[in-house]
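Heads up, the thing below is written out as structure tokens.
The values are calculated or read from the model by the stated rules, or taken from the named source; none is laboratory data. Keep in mind it's a predicted model, so treat the numbers as computed, not measured. As a convention, Cβ positions derive from the backbone with ideal geometry for all residues, glycine included, and neighbour counts pool all protein chains shown.
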Amino acid sequence: MAITGSLSEFSLPEIFQFLDQGQKTGILTIRDPQHVQTGKPFLRHIWLQNGRVVAAGDRLDNRGLARLIEQRGWVTDVIRPELERLIQSNVPLGLNLKTLGILQPDQLKLLFSVQVLRQVCSLFQLENGQFRFDAKSALPKAEMTGLSLPATETTLMGLRSLKDWKILQSKLPEPSSTLFDIVSGQSHLRLDNLEAQVWRIADGSINLKKMAEQFQIGCN
């Protein structure tokens, strides 16, 4: 069963939180027929496994990751036939290439950053668009590095890169609101220094405006 909706109804952070908490597996497709920034149609596919983002791309031809590897000159003519064989394999392409010694762990991390994190972070710039999540779609092993990240943590990265918060303005709490820590123990998310400080004082006694003043950040 597919889940569909509009980004004007459900923001991307809300969608990712739902997919993470539900440990969903499948493909999330985001479409914007008229992207404001480019004036062109926008399309992105994000694949998840048990609530973790494993791959992303703008097409469904199973060639995105291989194309990135070739663009960086990491595939020689001798290796190319082997690459073509591995694309058809039922094992994440990145893991296969690492096992064969063709790619190193640092190269896989770079590929994951470019293929997944950069593309997903760009989604947070979208004001409009439609989303569709299909749990019946098979995971494209040829597009997978073998690395993954919880959808909620991916959201944090996307929000950190967001320069214009007007897109999410209707979802933001009032400056007079307070934060409560509802998670016992340490956060499982990798927080930056400022986020960790906010986490430590989120006891419901200090509102957002006072927090902003304390940490010398803007709060309108």
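All but one of (1) farther than 23 Å from PHE18 by Cα; (2) outside any helix (DSSP H, G or I); (3) at pLDDT 75 or above hold for LEU191; state the number of the condition that does not hold.
Only one criterion in (1) farther than 23 Å from PHE18 by Cα; (2) outside any helix (DSSP H, G or I); (3) at pLDDT 75 or above is unmet by LEU191, namely (1).
With respect to ALA142, is the statement that it is among the small types (Gly, Ala, Ser), in contact (Cβ under 8 Å) with a residue 12 or more places away in the chain and touching a strand residue (DSSP E or B) at 6+ places or on another chain (Cβ under 8 Å) true?
no
State whether the residues of the range 76-89 include one that is assigned by TED's automatic domain parsing to the domain that holds GLU153, β-branched (Val, Ile, Thr), in contact with a helix residue (DSSP H, G or I) (Cβ under 9 Å, 6 or more places away or on another chain) and closer than 21 Å to LEU149 by Cβ.
No, because not a single residue in the range 76-89 is assigned by TED's automatic domain parsing to the domain that holds GLU153, β-branched (Val, Ile, Thr), in contact with a helix residue (DSSP H, G or I) (Cβ under 9 Å, 6 or more places away or on another chain) and closer than 21 Å to LEU149 by Cβ.
How many residues are part of a helix (DSSP H, G or I) and within 15 Å of PHE16 (Cβ to Cβ) when one looks only at the range 156-166?
5
Can you find a residue in the range 161-184 that is of a type outside the set (Val, Ile, Thr) and either crowded, with 18+ Cβ neighbours inside 10 Å or under 30 Å from ASN90 (Cβ atoms) (or both)?
No, that holds for no residue.
Of the residues SER205, SER148, SER177, which is assigned by TED's automatic domain parsing to the domain that holds ASN50 and either touching a residue at least 12 places away in the same chain (Cβ under 8 Å) or of a type in the set (Gly, Ala, Ser) (or both)?
SER148
Residues in the range 43-51: is at least one closer than 15 Å to LEU12 by Cα and either without any contact (Cβ under 8 Å) to a residue 40 or more places away in the chain or hydroxyl-bearing (Ser, Thr, Tyr) (or both)?
Taking every residue of the range 43-51 in turn, at least one turns out to be closer than 15 Å to LEU12 by Cα and either without any contact (Cβ under 8 Å) to a residue 40 or more places away in the chain or hydroxyl-bearing (Ser, Thr, Tyr) (or both).
Taking the conditions exactly as written (surrounded by fewer than 19 Cβ atoms within 10 Å (Cβ to Cβ), part of a helix (DSSP H, G or I) and at pLDDT below 95), does GLU127 satisfy them or not?
No.
Looking at the range 91-122 only, could you name the residues that are of a type in the set (A, V, I, L, M, F, W, C), closer than 16 Å to HIS45 by Cβ and touching a Gly at 6+ places or on another chain (Cβ under 7 Å)?
Scanning the range 91-122 gives VAL120, CYS121.
Give me the pairs, please: first residue somewhere in the range 28-42 and modelled with pLDDT under 75, second residue anywhere and of a type outside the set (Lys, Arg) and in a strand (DSSP E or B), beta-carbon distance under 8 Å, and either six or more positions apart or on two chains.
Once the first residue is modelled with pLDDT under 75 and sits in the range 28-42, its partners that are of a type outside the set (Lys, Arg) and in a strand (DSSP E or B) give HIS35/PHE42.
I'd like the full set of residues that are within 15 Å of the chain's Cα centre (by Cα) and of a type in the set (Val, Ile, Thr), limited to the range 119-177.
Within the range 119-177, VAL120, THR145, THR152, THR154, THR155 meet the criteria.
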